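What follows is a single structure, written as structure tokens, with notes after it.
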Amino acid sequence: MRRSSAIVLVVGIVLVVLGAVTRFVVTPSVSRLPADTDIAIRYSGTAHTLLNAQALQQGQADKVFAKEVPITIDRNIAVVETHGDTAVVKDTSTLVAGPTALPTERTFALNRKTMEAITPPAGVTAEPAKGLAIGFPIGADQNDHYQLWVPNLQAAAPVKFARTDTRQGRDVNVYTVSASGQVKDKETLSSFPSTLPKTTAAALLSALPAETAARFGAASAILPDPIPLTYLFETSIETYADQRTGVTIDQHLVRTITAAVQSGGQTMPLTQVLSVDATLTEESQKAQADKASDSAGKLTLVSLVVPIVLAAVGAALVVVALIRRRPRVQATGE
């Protein structure tokens, strides 16, 4: 009897310990970006302005800009390798507007728990980003301490917590970002002409607003030929992140790129070359909500259900073992 009680006692203690290990050791290890992450999402919307680079080169002013063109943005986020708490993530996207396709591909090294960009492991080439690069961490805070990496600006912008809301049946935190500045990303700049021949500029004047055309025409006389172009970027982002898992359920993007010239020590905006407004499609929202629900269920199982069950069963066995090991009180006659 005592031997069996000892076995029951040991098993009970082991289960209690396993419950604690699951809660305090295993749970943190799974509360991070999974190594098999591979997310495909789609945005749809409108390109209010879209530069036709070929028409620009040919001086066809009436065809230089397409207006109100339906667009899609297909984005894929995949972990390509992990090094402990560091994940190397490839983020690719392609904006499609009619016959025009603008692809981008970026690689980030992220802390799998905080989702913030960090120094890549030895031998890995990644964008030198700062702040959040692809999304929010599990259990994201409802405050303003986050920063979001804006690749076009090669800088991080402050994230503002706006409110709580719901999307696709999930409770979400709503975060907003607004940023602007000169385009510094080489990949983005390669999609647009770096210079503008004066003959082409003359043909383009008729496509510009009258005030801008007048200022540009006056300045062009002292500008070199071809005229060097710079580009200005402005964006606003509204993200609906699942409160439990950080998964992006919905997102609204507004992006504008404007061509400009430097004249007299000042930047003179000429015209928008890209202006898009897009939102995550209904299908992608539902898929993201399903991912969030599945991940939340797994987190609850590992962080609460399993530890509680293990601890409860273990404690019960310990009690049983102690009761069985208690010496019996023998009755005495008178």
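Could you check the range 243-279 and list, in sequence order, the residues that are polar (S, T, N, Q), touching a residue at least 12 places away in the same chain (Cβ under 8 Å) and farther than 27 Å from Met115 by Cβ? Break it down into steps so the answer makes sense when it comes.
In the first step, residues of the range 243-279 are kept if they are polar (S, T, N, Q); the result is 243, 245, 248, 251, 256, 258, 262-263, 266-267, 271-272, 275, 279.
Within this subset, residues satisfying the condition of being touching a residue at least 12 places away in the same chain (Cβ under 8 Å) are 243, 245, 248, 251, 256, 258, 262-263, 267, 271-272, 275, 279.
Hits for the range 243-279 are Thr258, Gln262, Ser263, Thr267, Thr271, Gln272, Ser275.
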By residue number, the members of the range 83-102 that are modelled with pLDDT of 95 or more and over 30 Å from Asn52 (Cα atoms) are Thr86, Ala87, Val88, Val89
Consider Gln251 carefully, then state whether it is surrounded by fewer than 17 Cβ atoms within 10 Å (Cβ to Cβ) and on the phi < 0 side of the Ramachandran plot. no
Of all residues making up the range 260-298, the number that are under 16 Å from Thr245 (Cβ atoms), hydrophobic (A, V, I, L, M, F, W, C) and at pLDDT below 95: 2
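The values are calculated or read from the model by the stated rules, or taken from the named source; none is laboratory data. From a predicted model like this one, the values you see are computed outputs, not experimental measurements. All Cβ positions, even for glycine, are placed from backbone atoms using ideal geometry, and neighbour counts span all protein chains on display.
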